[in-house]
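In what follows, a single structure is set out as structure tokens and then discussed.
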Amino acid sequence: MKLIKVETHGFKSFADPVTLRFDGGVVGVVGPNGSGKSNINDAIKWVLGEQSSKELRGDNMQDVIFSGSKIVPAMNKASVKLTFEDPQEGVVTIERVIQRGKGLNQYFMNNKPALHSQIKALAMQSGIGKSSLAIISQGTVSEIAQSSDEQRRGIFEEAAGVSKYKIRKEEAIKKLEKSEGSLRNINTSINELERQLEPLRKQAEKAIKYRDKSRELKEIEIGYLAHEIERLSALSEELNANLEGVQETKESYENDIEEITKKIDRKKIESNELNNEINKLAGVEMALNQTINNLERSFDLENQRLQMIARGELNVDPEQRKKAIFNQIEQLTHQINYYKDIKNDLESKLEESKTFISQKNALLNERRAKFESLNKRKISYETQLRLLKEKQSKRTNLFKGTRTILENKSNFRGFKGIVADLIEVESKYSVAIETILSNALQHIVVDNSDTAVKAINFLKANNGGRATFIPLTSIKEKGIRDDYLLVLRSQPGFVGIASDLVKTKPEFAKLAQFLLGNVIVVDKVDLADKISVLLERKYMVVSMEGDIVRPGGVMVGGVQQESEELLGLDRKIQEMENELPGINSQMSAIQAEIENLATERNQKEHYFREYSSKISANNVLLENANAALEEAKVQASSLGESVQNVGKEAKVNDALEDLNKAKRNLSVTQFDLSAKRNTKATLDDEINALDRSRNDLYKNLKALNNSYRSKIEEANRASSTLTVHKERLSEFYKLTLEFARENFPLQISVEAAGEIIADIRSEIAELGNVNLESIEQLEEVESRYNKLTSDRDELVEAKNAVIEAIAELDKIIITRLTNVVHDINLEFNNVFSSMFGGGSAKVEFVDPKNVLESGISIFAQPPGKSIKNLKLFSGGEKSLIAISLLFAILKARPLPLCILDEVEAALDESNVVRFAEYLQQLKHQTQFIVITHRHGTMTRVDHLFGATMQKRGVTSFFTVKIEDAKKLIDEAPEA
């Protein structure tokens, strides 16, 4: 390409628009120092993409914009435009524009916006790039002359055109380094995955076994569950029906026992009354027999006496008889008093026995009533306990997620329990505490967050619902400020802080403080609101009735609908289970007491009957003694009469009449006694029969109670097992009973299925903790591993390809560099000879075996001198040798354009002439723009432009005649 025009405005000292046209040949640019002539060189470098402000002799890129002078203001924009003529492309323009403040560089190609890379590529392709030999300054000559062999190598690389190959090589090396870095990273990842694979394979193997066993278990367990649910349902219905029947029978037995006991009590009273009458009659009978015996003796004696008197055989002394009668009266009086004392003593003991028996009967009735009350209470407790345990086993009010974790709690080593099971509360506080905790009662307490995460993943994997977890290591205790506590304790109706109203094990004290430590409990809702105001609405306040005043003042209250209990369910069950043994113990004690009371009462009844009999007999003796006393008194009063006047026969007749009367009375008494004894015997037989019946009923009731308890336990077990089976079928397997029955028929016996299920569960349990996610994790890791190994293989291939490309580029660079050194050597010797008027020169690799890195030495032999290295020559000789080398390079590798910026400044005048004349030889293949102030050069260029500053600080150009050039150079810059 041929440069035909340079246009610039605002660039450095070009405040006014400048246009330089080039017609070919050697063009010279001259001007005094400081006139800005070299700025045309900077302008061309800048538009070709120079990015370094130092290369442009500035501190930053905005320094290229005209900064102003005393007479011309600073400009805000700089632009440079080059116009080329290309045989193939025609006219090509390149332009670069920069604006002050914005720091924005704009590039244009053929007046269309372009990228810096496009400009740079075009420049390199045409050989006029900023780093090529197209722009040679005095510094370039100095670099060739002064630089080391290794530094000098760059000139030859430019000439060889290997820059693009070196750039490609650098890019390839970077790509290789990137590939190696990627390979290291991939290998690190692969190694890490390989460390994970083996444990994951083991886990996955266990998980697959667990999954297969679970499927095997499912296939047989669903049918087993369906069969057992139907069987247990029928059994539960049958047991419940039996329980109802047993309950009815129990009630019938209890009613019969109560009725029989009443009959026995009535008949015993009747029997006791008959016994009293029999005892009285027995006494009367005894007395009558004694009276008859006495009357018979008296009758016999009186009859004999009468007979003796009648025969005159008995002589009676009245005084003697009187004395005898008075002795008899005295004896009878003593006897009567004795009988009276006995009677009083016996009657006292009889009354005491009667009172004792009455008291014992009352105690027996009271103890029996207490026994029956306890028995009914026991039956009620057993029924309630069965219902509570059934409720506990079902846990129907638990959330699905909570139930799922409870059913699988063995899978989580850090599982502690749900809040409801870890907190104990007295019944009087239960309403308040349940209100405070609400759904938190179902929150699951675990040891740490890792267990919580594991449980949550388990719920997700098994579609087990949602649950809230409380990791003990994560929670913090809550409390109430001390000054507020002082206020609270002074308030009437303040019950306490909720955390102080519950009991927990020591390890869960932190849990209670976390849940309840900042909640206040009071007795009434009005006080709750008052205390909330006192504490600035900062804390929750709850009444004993469950009314709430929340922080901020929101109030919740009213009548709460009944709901299934959760908090205290275990406590109630425990209380009942603890109370039942006490009831049984009380019943046993009362039963023993009843037996002891009955024994004591029966013994006292025996004594009562004995006392009654003795009283009756004593009464007869007392009556006989009284009768004898009266008779003796009558006899004593009649002692004054004559014995002869006494009607002896009448007396005998009276005795006979008394005897007959006594016998008649005895006969009646004996009849009544026999009848009452028969009646009593019958009554006693009835009592014994009733007592036996009652004992039989007691035995039957006891057996029935045992049977009832056994059936309740069996019903509880059946109900609990049924609930577990139903929940497993519906919650775990997500199946209805109908679907399971139709699609999973049991093909083997229930017993065999149960054994198989137990074996499979045992095998599953032996697997221990199973990571079900390991199967997917293994697939994911293996997929990543395979992907990474594939990527690694691709990277290795790419790396090898890059290595091959680098090797190929090295070959190209070596070839081109070797060729260019060879070609330059051919031209260098000729140019050197022309420039020095003879002699020879050459360039050669310092290390021919390592062309890629070897420096390049320059050797020269001026006429009449020995050959030596460039560095051994004088300054002027070095410059001329360097220029000769540059000319040799341009001959060996011609460029379309070459800008020479005062490169001949260090030469003497004769060598300047040689320099300028040699340019004329090269101008046919290269367009030269020579910035110079040497006369020898000015006089030998084809066209000459002069640079001047007619305005201070502003450069302008004009065409100069050769004869005026020296004058222009000698002029000083305008002030």
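Overview of results
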| quantity | calculated |
| --- | --- |
| Charge-dipole axis of the chain as Lys and Arg at +1 and Asp and Glu at -1 on Cβ define it, positive-most pick from L200, N786, V26 | V26 |
| Entries in K250/K572; K169/K799; K12/K951; K164/K811 that, when Cα-Cα distance is taken, lie over 21 Å | K250/K572 |
| Neighbour-count ranking [beta-carbon atoms within 10 angstrom, fewest first] of T955, T736 | T736, T955 |
| DSSP-defined beta bridges in segment 832-967 - what % are antiparallel, rounded to 5 | 70 |
| Helix 149-160 vs. the chain, principal-axis angle (Cα, 0 to 90°, nearest 10) | 80 |
| Integer Hz, Karplus 6.51/-1.76/1.60 couplings in order for segment 498-504, x for Gly and Pro | 4, 5, 7, 9, 10, 10, 9 |
| For segment 412-501, radius of gyration divided by Kirkwood radius, i.e. Rg to Rh on alpha-carbons | 1.09 |
| When the chain is reduced to its Cα atoms, the Kirkwood hydrodynamic radius in Å | 45.2 |
| Helix-only CD estimate at 222 nm, as mean residue ellipticity for the chain, using -39500 (n - 2.57) per DSSP H run (n ≥ 4) | -22500 deg cm²/dmol |
| Charge dipole (debye, nearest 20) of segment 398-563; +1 at Cβ of Lys and Arg, -1 at Cβ of Asp and Glu | 640 |
| Within segment 458-560, GluC sites (Glu not before Pro) in DSSP loop having at most 15 other beta-carbon neighbours inside 10 Å | E477, E536 |
| Evaluated at q = 0.17, 0.20 Å⁻¹: base-10 log I(q)/I(0), Debye formula over Cα of segment 716-826 | -1.05, -1.18 |
| Charge dipole (segment 87-167, unit charges on Cβ, about Cα centre) - positive-most of V141, V91, N105 | N105 |
| Dipole axis of the chain (+1 Lys, Arg; -1 Asp, Glu on Cβ), positive-most option in A121, S774, A432 | A121 |
| In degrees, nearest ten, helix 525-534 long axis to first principal axis of the chain (Cα) | 40 |
| Set K891/K961; K77/K112; K389/K699 screened for pairs whose C-alpha atoms are more than 25 Å apart | K891/K961; K389/K699 |
| Reduced Cα scattering model of segment 398-563, Debye log10 I(q)/I(0), q = 0.15 Å⁻¹ | -0.84 |
| Exposure proxy ranking, count of Cβ atoms within 10 Å, fewest first, for K354, K676 | K354, K676 |
| Dipole in debye (nearest 20) - the chain, about Cα centre, beta carbon charges: Lys, Arg +1; Asp, Glu -1 | 3920 |
| Projected area, mean over directions - segment 777-860, Cα convex hull, nm² | 7.4 |
| Beta bridge orientation in segment 398-563: antiparallel %, DSSP, nearest 5 | 65 |
| Partner lysines for K510 [C-alpha distance under 16 Å; skip if fewer than 8 residues away on the same chain] | K416, K476, K478 |
| DSSP-defined beta bridges in the chain - what % are antiparallel, rounded to 5 | 70 |
| The chain: relative contact order in percent, alpha carbon pairs under 8 Å with at least 6 residues between | 26 |
| Phi-based couplings in Hz for segment 224-239 (Karplus 6.51, -1.76, 1.60; Gly and Pro marked x) | 4, 4, 4, 4, 5, 4, 5, 5, 5, 4, 4, 5, 4, 4, 5, 5 |
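Laboratory data are not the source of any read-out in this text; all were calculated from the coordinates shown. What you are looking at is a predicted structure, and each value in this text was computed from that prediction instead of being measured. Glycine gets a Cβ as well: all are built from the backbone with ideal geometry, and neighbour counts include every protein chain shown.
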